[in-house]
């Protein structure tokens, strides 16, 4: 039997200044909140959060240590049990939010997601990417439901470095590319069903929005401004991309991103979206997309300062043998490259990574 499944968060709220409404929303879930953020995010948003929740709910804030690992999830879950939380809240970027979703799942409690950067499509999904304590990809962890609330303050997102905003655009641009591959191969989506009309339409709208408004929004955020284009791009890179990848599926772009964790060095100073951007181009090479389609993506990535060469990826001079290691990890059974095609070799993935560099430098 072929079945279609569509998953989404319980509620999505976006706008400039909506962080002030956090306390009122949290009160719907209980009187005690367990907040997780890293120290940088708390330094930037802590005062606003405290003001928003004061008089609405009790809260305990715990520091995120930086890696979405099983050990960190276990530590935070134990801390939440100790303080007696009723709802788990994550403030920050992708790894913080993925960790918080896992903590809430351990506790079987509601989870509220508050992205402070528009840099990934993690906020809306019912899954987490789990890494080792050293940052090596291990697995996807799936949940029975999506976050209960995603609250996105676009003013806060626009104050973050524009590089992170651009990373969210790049992550979002993988959505339709991968969803099309999943649909063509009749593979399953991230929620275990066939591609749905709704999922594909959302993924396509994500790509169209990002390519139409992405550069002007990038320029606005470079100056810490919130414009209608910024609102559109934040919605695309957070909500549309989140719904699109989950209900459309992942394929080569994210598998190659995960494959890069097999390497050591400065590449790990890059963001998720920066590595996904390069993975998307390699996916398009493997898919034999027309030259002009790949060139259009390269030109757009260059406009928003995403890496399109091995030098920009901090892999200048990398050996083909090391890239074969990337291909081997990307092609593991736990990952999604097989949604593009089931019989790629690690050598073919390595050649695609090298081909992106050659094409980009030729342009």
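Things worth noting here:
- Scoring residue 321 on the criteria (1) under 22 Å from the mean Cα position of the chain (by Cα); (2) over 23 Å from residue 169 (Cβ atoms); (3) in a helix (DSSP H, G or I) leaves a single failure, condition (1).
- Single condition residue 75 does not satisfy, out of (1) touching a strand residue (DSSP E or B) at 6+ places or on another chain (Cβ under 6 Å); (2) more than 20 Å from residue 123 (Cβ to Cβ); (3) assigned to a helix (DSSP H, G or I): (1)
- Test result for residue 61, part of a helix (DSSP H, G or I) and in the same structural domain as residue 139 (by TED's automatic domain parsing): no
- Candidate set from segment 16-32 (those that are without any contact (Cβ under 8 Å) to a residue 60 or more places away in the chain and in contact with a helix residue (DSSP H, G or I) (Cβ under 6 Å, 6 or more places away or on another chain)); member that is surrounded by the fewest Cβ atoms within 10 Å (Cβ to Cβ): 20
- Elements of type helices (runs of 4 or more DSSP H) contained in segment 173-267, each with 1 or more residues being under 19 Å from the mean Cα position of the chain (by Cα) and surrounded by fewer than 24 Cβ atoms within 10 Å (Cβ to Cβ): 197-222, 228-235
- Checking residue 42 against (1) within 18 Å of residue 155 (Cβ to Cβ); (2) at pLDDT 95 or above; (3) not in a helix (DSSP H, G or I), the condition it does not meet: (3)
- Among the criteria (1) modelled with pLDDT of 95 or more; (2) surrounded by fewer than 15 Cβ atoms within 10 Å (Cβ to Cβ); (3) under 24 Å from residue 23 (Cα atoms), the one residue 55 does not fulfil is (1).
- Only one of 350, 346 that is crowded, with 24+ Cβ neighbours inside 10 Å and farther than 24 Å from residue 179 by Cβ: 350
- Residues satisfying the stated conditions in segment 90-140, i.e. assigned to a strand (DSSP E or B) and out of contact with any helix residue (DSSP H, G or I) (no Cβ under 6 Å at 6 or more places or on another chain): 112, 114, 115, 127, 130, 131, 138, 139, 140
- Test: residue in segment 142-150 that is surrounded by fewer than 24 Cβ atoms within 10 Å (Cβ to Cβ), assigned to a strand (DSSP E or B) and in the same structural domain as residue 71 (by TED's automatic domain parsing): yes
- Filtered residue count, segment 151-162, keeping only those that are surrounded by fewer than 20 Cβ atoms within 10 Å (Cβ to Cβ) and out of contact with any strand residue (DSSP E or B) (no Cβ under 9 Å at 6 or more places or on another chain): 3
The values are calculated or read from the model by the stated rules, or taken from the named source; none is laboratory data. All figures in this text were calculated on a predicted structure; none of them were measured in a lab. Cβ sites come from the backbone with ideal geometry, for glycine too, and all protein chains shown count toward neighbours.
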